[in-house]
Every structure is written in structure tokens, then in C-alpha cells.
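In what follows, a structure is listed as C-alpha cells, so that the remarks can point back to it.
The values are calculated or read from the model by the stated rules, or taken from the named source; none is laboratory data. Keep in mind it's a predicted model, so treat the numbers as computed, not measured. Quick reminder, even Gly has a Cβ in these numbers, built from the backbone with ideal geometry, and neighbours come from all protein chains shown. Please note that ligands, DNA and RNA were not included when accessible areas were found on the heavy atoms of the full protein model with its side chains. Shrake-Rupley method; radii C 1.70, N 1.55, O 1.52, S 1.80 Å.
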Amino acid sequence: MIKAGIVGATGYAGQQLLWILDNHDKVDIKFISSNSFSGNCIGDIYRNYKKYFEKKLISMEDVAENLADIDVLFLALPHGMSEKLAKEALEKNVKVIDLGADFRLDSSELYEKWYNVKHEFPEINKSAVYGLPELYRNEIGKAYIIASPGCYPTSAILGAAPLLKGTIIEPGKIIVDSKSGVSGAGRNAKTELLYSEVNENFKAYNILKHRHTPEIKQEMDKLGNSDINLVFTPHLLPLNRGILSTIYMDVKKELRHRISETGLYDLYKDFYKDDYFIRITDELPEIKNIKNSNICEIGIRYDAESGNIVVVSVIDNLIKGAGGQAVQSMNVMFGLKESEGLEFLSMYI
């Protein structure tokens with residue numbers, strides 16, 4: 001059994017992670033922690049846990065005293081709060097999976113620029129592995145600290161990866177147009193997330209300044225071995241969960257009439273042939289198809305005259321975009337079957 005601790009268990013991502021780990025046959029949850037609700041039972045915060053999982057939430061200060069009891073520490077915290085706990089865990093040979101943003105950017109300087117927080121221990125950031133198993137499975141298997149990707153980046157990067165790795169598309173501008181359910185904004189009370197503000201509404205936000213922008217660009221640059229001009233626009237949907245990303249790319253002019261939509265589908269199916277959680281579909285993906293699952297569903301459309309490729313990629317932002325992906329990385333780190341504890345399909349309605 002893998003002995004696990006969860007810090008930040010009362011946020012939306014943290015409680016989703018807890019739900020998955022509680023149903024994982026190879027995991028024993030030793031403690032859960034919350035900065036805001038320490039001393040309370042999780043069932044008092046999320047009443048779906050009452051009777052079935054009634055552990056008390058320990059304080060952040062008490063986490064250090066319990067590190068000797070676990071094999072892996074999950075951190076589901078706002079940016080800037082993971083570094084100290086990660087250091088303490090690593091010093092005790094406890095593996096760390098961070099669901100926050102603290103270690104996602106290779107450059108500490110870039111992290112400071114976008115998040116206004118300075119790395120106190122930049123050596124931890126240098127040793128972190130980006131936790132996207134479909135692309136970094138071998139590195140994850142050897143790692144002691146994982147930077148689990150953001151939800152928007154997960155859908156965008158997985159949607160574009162096969163084309164970026166090839167030599168088909170123009171290396172210039174890529175447009176990522178993404179829509180997310182409101183749970184992606186967290187559980188804190190905010191005026192713009194009130195029911196009357198979100199219901200029957202649809203809006204873009206943080207245009208050209210969303211903090212997931214450098215993360216998406218970093219990974220796309222690596223895949224394409226180039227300096228991509230990324231335009232990323234997030235939108236808020238009146239839904240609880242789910243992300244749909246529409247990705248626009250251009251085929252090189254000399255290749256436009258030598259490539260077909262069928263050929264592009266063959267490329268994607270071959271690229272993801274060993275990836276359990278990627279579903280390539282001839283139909284256009286929909287959030288309903290993947291909601292409450294760890295699946296990323298991808299569809300492609302191509303026009304040979306213009307050279308336009310449009311890729312649609314959908315994920316559940318709290319599972320494949322957060323808790324599920326973190327557990328997927330844990331499975332790889334500890335030599336388990338990658339799909340262990342995650343083989344649940346979407347509930348369509």
C-alpha cells in the first residue's frame with residue numbers, strides 16, 4: 001500500500017483528489033490537511049463524505065510531524081505555498097506531487113514574473129518533472145517531485161502535441177481558445193462567480209495575461225523545438241466542470257495538398273497508441289463525453305485549401321486537469337498500472 005498525505009484537501013481539486021485516492025485499492029490515506037478548516041472532519045465540509053470517510057483535517061503546521069508516516073505528499077495549494085512543505089518532505093525521502101503552480105515553469109525568473117512570488121529554493125524547481133504522463137512517462141517514473149500541469153495547459157498541450165512533434169505545421173502562431181467550468185476558479189467566494197453572474201452568461205477573461213500562458217508556451221516550444229507565438233484566450237462557461245479547447249494551426253504551404261484529414265487522424269492515433277486516457281474521436285469532442293473521468297478526448301478537422309487545422313480537446317478540469325492526473329503520475333512513480341484507481345468512465349448525465 002502507498003501511504004499518502006493530502007495538503008489542501010478542502011479545495012475543489014483537493015477534494016476531487018481525496019475522492020479518487022479513497023477509492024484507490026493501493027492507497028492508504030494517512031492524513032488530510034487544510035489551512036482553513038483544521039480540526040474539522042472532512043464530512044462537515046463536504047457532506048458527501050459523512051459516514052464513509054470521516055478523518056479530521058490537521059493543520060498545516062502538523063503536516064511536518066506526520067511526514068514520516070507517508071510515502072507521497074500531495075499538495076493542492078494556491079501558488080507560493082508549496083515550496084516549504086515540498087522541501088521538508090523531500091528531506092525525509094517523501095515523494096511530492098504538487099497540483100499547484102509552484103514548479104511548473106522551468107525558469108524561476110519566469111515564475112516570479114507571472115506569479116509575483118520568488119523561489120526560495122530554486123534547486124527544487126530545477127529537479128521537478130512536469131507531470132504529463134503521456135509526454136514524460138519515463139521521467140516521472142524516476143522523479144521525486146512532480147509539477148502536475150494546469151487544467152488549461154493539459155487540454156491544450158495534449159491536443160497539439162502530435163502536430164508539434166512532427167514537421168507538418170508552420171512554426172509561427174498557434175491560437176488556443178479555451179472554455180472552462182467555474183470550478184477551475186476555486187472555491188473561494190468571488191462576485192464574478194456568483195450564480196447570478198455566471199448563469200446564462202459566457203465571457204472571456206484575463207486575455208493575454210492568464211498565468212497558464214507561459215506554461216502552455218513552454219511545453220509547446222519544447223515539442224516543436226521552436227519559439228511559438230501563442231495566443232491563449234480563456235473563457236468561463238456556466239458549468240461546474242469541464243474544459244473544451246479549440247486549437248488553431250496552419251499546415252506548411254508545400255504540404256497542404258499532400259495531407260488529408262484521415263492522415264492526421266492516423267498521426268494522432270499512432271502518437272497516442274499506448275495512452276489509455278487519450279480517446280481520438282471522429283466526432284467532435286464534447287464535455288459530456290469526459291465529465292467525471294480522467295479521459296482527454298480529441299477530434300481534428302482539416303481544410304486542404306486554406307491549410308487550417310482545428311483540433312478540439314476536452315477534459316474534466318478537476319480530474320484529468322488536476323486530481324486524476326496527479327494520481328496517474330503517482331501510479332507511474334510507484335510502478336503501478338497507470339490506470340489504477342482511474343478506470344471510471346464519464347457519467348453522461
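Here are some notes:
- Summed residue charge, Cβ within 14 Å of Asp274's Cβ, Lys/Arg positive, Asp/Glu negative: +1
- Proximal lysines to Lys55, defined as alpha-carbon separation beneath 21 angstrom and excluding residues fewer than eight positions away on the same chain: Lys3, Lys26, Lys30
- The Kirkwood hydrodynamic radius of segment 93-230, based on inverse pair distances between different Cα atoms, is 16.6 Å.
- Rg/Rh for segment 49-89, where both radii come from Cα atoms and Rh is the Kirkwood radius: 1.01
- Loop-resident trypsin sites (Lys or Arg not before Pro) (DSSP state other than H, G, I, E or B) in segment 88-132 with no more than 13 further Cβ atoms inside 10 Å of their Cβ: Lys92, Lys118.
- The alpha-carbon atoms of segment 290-349 define a convex hull whose volume equals 106 cubic angstrom per residue.
- A simple spin-label model places the labels of Lys173 and Met1 5.6 nm from each other, with each point 7 Å out along Cα-to-Cβ.
- Ligands, DNA and RNA left out, the accessible area of segment 180-316 computed with a 1.4 Å probe is 48% carbon and sulfur.
- Tyr52/Thr262 FRET efficiency (R0 51 Å; Cβ-Cβ; nearest 0.05): 0.60
- Note, ³J(HN,Hα) from phi for segment 274-290, Karplus 6.51, -1.76, 1.60, rounded to Hz, x at Gly and Pro: 9, 10, 4, 9, 9, 10, 8, 10, 5, 7, 6, x, 9, 4, 4, 6, 10
- Probe 1.4 Å, protein heavy atoms only - accessible area per residue of segment 1-158 in square angstrom: 43
- With a Förster radius of 22 Å applied to the C-beta separation of Glu65 and Lys142, the computed FRET efficiency comes to 0.15.
- Global size of segment 202-258 as Cα Rg and Dmax, reported in angstrom: 14.5, 44
- Semi-axis lengths, Å, segment 1-78, gyration tensor of Cα atoms, sqrt of 5 times eigenvalues: 16, 15, 11
- Solvent-accessible surface (1.4 Å probe) assigned to Leu194 amounts to roughly 90 Å².
- Dimensionless Rg/Rh of segment 183-315 - Kirkwood Rh, Rg from C-alpha atoms: 1.00
- Reported to the nearest whole Å, the Cα centre-to-centre distance from segment 243-312 to segment 190-215 is 26.
- Label-point gap, in nm, between Glu283 and Asn225 - each point 7 angstrom along Cα→Cβ: 3.9
- Every helix of 4 or more DSSP H residues in the chain counts as -39500 (n - 2.57), and over all residues that averages to -8500 deg cm²/dmol at 222 nm.
- Stokes-Einstein D for segment 25-147, Kirkwood Rh over Cα pairs, 37 °C, 0.692 mPa s (µm²/s): 210
- Pair-distance profile P(r), taking every C-alpha pair of the chain, with 10 angstrom steps and integer %: 5, 25, 35, 24, 8, 2, 0
- Paired Rg and Dmax values of segment 125-178, which use every Cα atom, in angstrom: 13.0, 37
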